[in-house]
Ligand SMILES: [Zn+2]
């Protein structure tokens, strides 16, 4: 009898009996339920636009009252006594039933019975209100934690997330006291909250809504997450689980998965996805698409320059091959990567750093190297980048008269000059940026560090330094300083 009503797919457990408004004749075999199987009854409550799922377990031997908590007692009694339930005539709500095989070996991930998101991209917003600094020190740290959790899912199945920035909007679907049933605003908001259903040791709560034709299939059109700011001992654990709900996964029937949770399993504090989680995500979205992109081209200065191996900042997921005699080089970067490729000089050819905003297709970038080290060497650690914390600090120390032993620890990533002596030697250069008679840390050094830090105006470069009063100074405006730096230092400020 049950086989006529429920279909068990070898790979997926589908909630096969979905009937938004239809007359439903669901026949139960109470003997089958109590002796042979577990049945999970989901009661679906309809709102005009919003559907929220509540779950209640009906497990072998579970008391009638548990079931009756969700359906009225007479229906529950009918269900358990092998009577027919006609949903359409008895109530406006409906429900579906998922039948698990008697052996239990069908236990696996559970979806909401929807198709997931379409397209497979979730645009989301972050609301920083009430963020506890003890859990996330800054807004950026909170966003980074959320993105890290999302990346775990994107790495194993074809779902993508796009952060659209900060918002003052709340998680609308959460409703009053995070009990659900709130209005759909089509904004996918991740916010902090507490109270109501999000209290005690509930660390997060996520509501999703879906829409589609009568009878389905339904696609998810909104997901809102609230993170408990009053109790969250492990934010990463909270986030990876809640993101699982956001993409359309319900609590798994498998214990010890990220998505484990009531009614058939219990929560576990996992932050790493398991095979069951991955199978669930792939069931909804398919396997991950290749997200690697290629940046390649040639590095030349007249002829090709061999032996350039770019370093990347940020470096995660990036690998580069050394250029060959033609100058051809290649790097592989994650899709969407934004950052800078840089290299120490090679055979007295300076390699200009290459900046990319978002690599979403394969990119050709040819690089023209620059000859020699100019009379003003700003890249004293020779890593291809001009940076205040390393190069600037070394230059100022030299101006202040430090000896060759005082330049340790000033090599940036990928630097060719790594020893104190090598960096000291590289600072033997012309840094008289103001044009004054002497090279002084208080003026020339300060200007150089300010420019390295991004100062690009009269006020920001000269402010408080009194460059015009320095004996012999000729460069007292940003344009004059910029001209001197670009001409004398071979820079592109
Ligand atoms: Zn959950």
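Scanning the range 107-127 for residues that are crowded, with 17+ Cβ neighbours inside 10 Å and closer than 21 Å to residue 172 by Cα yields 112, 114, 116, 117, 122, 124, 125, 126, 127. Among all residues of the range 191-209, there is at least one that is away from the ligand (no atom under 15 Å from the Cβ) and within 25 Å of residue 109 (Cα to Cα).
Of all residues in the range 425-452, which are more than 28 Å from residue 408 (Cα to Cα) and either free of Cβ contacts under 8 Å to residues at least 40 places away in the same chain or loosely packed, with under 15 Cβ neighbours inside 10 Å (or both)? Correct list: 436, 437.
Scan the range 341-354 and tell me whether some residue there is within 25 Å of the chain's Cα centre (by Cα), in contact (Cβ under 8 Å) with a residue 12 or more places away in the chain and closer than 21 Å to residue 155 by Cα. The answer is no; no qualifying residue exists.
With respect to residue 380, determine if the residue is closer than 29 Å to residue 308 by Cβ, in contact (Cβ under 8 Å) with a residue 40 or more places away in the chain, buried (at least 18 other Cβ atoms within 10 Å of the Cβ) and under 33 Å from the mean Cα position of the chain (by Cα). When the stated conditions are applied, residue 380 does not pass them.
Only residues that are within 15 Å of residue 107 (Cα to Cα) and touching a helix residue (DSSP H, G or I) at 6+ places or on another chain (Cβ under 6 Å): list them for the range 238-284, please. Once the filter is applied, which keeps residues that are within 15 Å of residue 107 (Cα to Cα) and touching a helix residue (DSSP H, G or I) at 6+ places or on another chain (Cβ under 6 Å), the range 238-284 yields 249, 252, 254, 257, 258, 259. Looking only at the range 175-196, decide whether some residue is assigned to a strand (DSSP E or B) and more than 20 Å from the chain's Cα centre (by Cα). Checking the range 175-196: at least one residue is assigned to a strand (DSSP E or B) and more than 20 Å from the chain's Cα centre (by Cα).
Residues in the range 271-295 that are away from the ligand (no atom under 13 Å from the Cβ) and in a helix (DSSP H, G or I): 275, 276, 278, 279, 281, 282, 283, 284, 285. Cβ-Cβ distances below 8 Å connect no pair with a first residue in the range 198-209 that is without any contact (Cβ under 8 Å) to a residue 40 or more places away in the chain and farther than 11 Å from residue 226 by Cβ, a second residue that is within 12 Å of the ligand (Cβ to nearest atom) and not in a strand (DSSP E or B), and a separation of six or more residues or different chains. Being assigned to a loop (DSSP other than H, G, I, E, B) and closer than 17 Å to residue 229 by Cα is the filter here; which residues of the range 130-168 pass it? Scanning the range 130-168 gives 130, 131, 132, 133, 134, 135, 136, 137, 138, 168. Residue check: residue 157 meets all listed conditions (1) over 20 Å from residue 269 (Cβ atoms); (2) surrounded by 15 or more Cβ atoms within 10 Å (Cβ to Cβ); (3) in contact with a strand residue (DSSP E or B) (Cβ under 7 Å, 6 or more places away or on another chain) but one, namely (3). Screening the candidates 325, 319, 298 for the property of being in contact (Cβ under 8 Å) with a residue 24 or more places away in the chain and over 19 Å from the mean Cα position of the chain (by Cα) yields one hit, 298.
The residues listed here are 417, 382; of these, the one that is more than 22 Å from residue 300 (Cα to Cα) and in a loop (DSSP other than H, G, I, E, B) is 417.
Of all residues in the range 453-484, those satisfying the criterion of being crowded, with 22+ Cβ neighbours inside 10 Å and part of a helix (DSSP H, G or I) are 461, 462, 467, 481. Which ones in the range 238-292 are under 18 Å from the mean Cα position of the chain (by Cα) and on the phi > 0 side of the Ramachandran plot? Correct list: 248 only.
Count of the range 296-310 residues, restricted to those that are more than 15 Å from residue 365 (Cα to Cα) and assigned to a strand (DSSP E or B), is 1.
Just so you know, in the range 212-246 the residues that are part of a helix (DSSP H, G or I), out of contact with any strand residue (DSSP E or B) (no Cβ under 8 Å at 6 or more places or on another chain) and within 22 Å of residue 172 (Cα to Cα) include one that is nearest to the ligand (Cβ to nearest atom), and it is 244.
Is it the case that some residue within the range 247-270 is more than 16 Å from the ligand (Cβ to nearest atom), touching a residue at least 60 places away in the same chain (Cβ under 8 Å) and part of a loop (DSSP other than H, G, I, E, B)? No, the range 247-270 contains no residue that is more than 16 Å from the ligand (Cβ to nearest atom), touching a residue at least 60 places away in the same chain (Cβ under 8 Å) and part of a loop (DSSP other than H, G, I, E, B).
None of the figures in this text is laboratory data; all of them are computed from the coordinates on show. From a predicted model like this one, the values you see are computed outputs, not experimental measurements. Cβ: placed from backbone, ideal geometry, glycine included. Neighbour counts: every protein chain shown.
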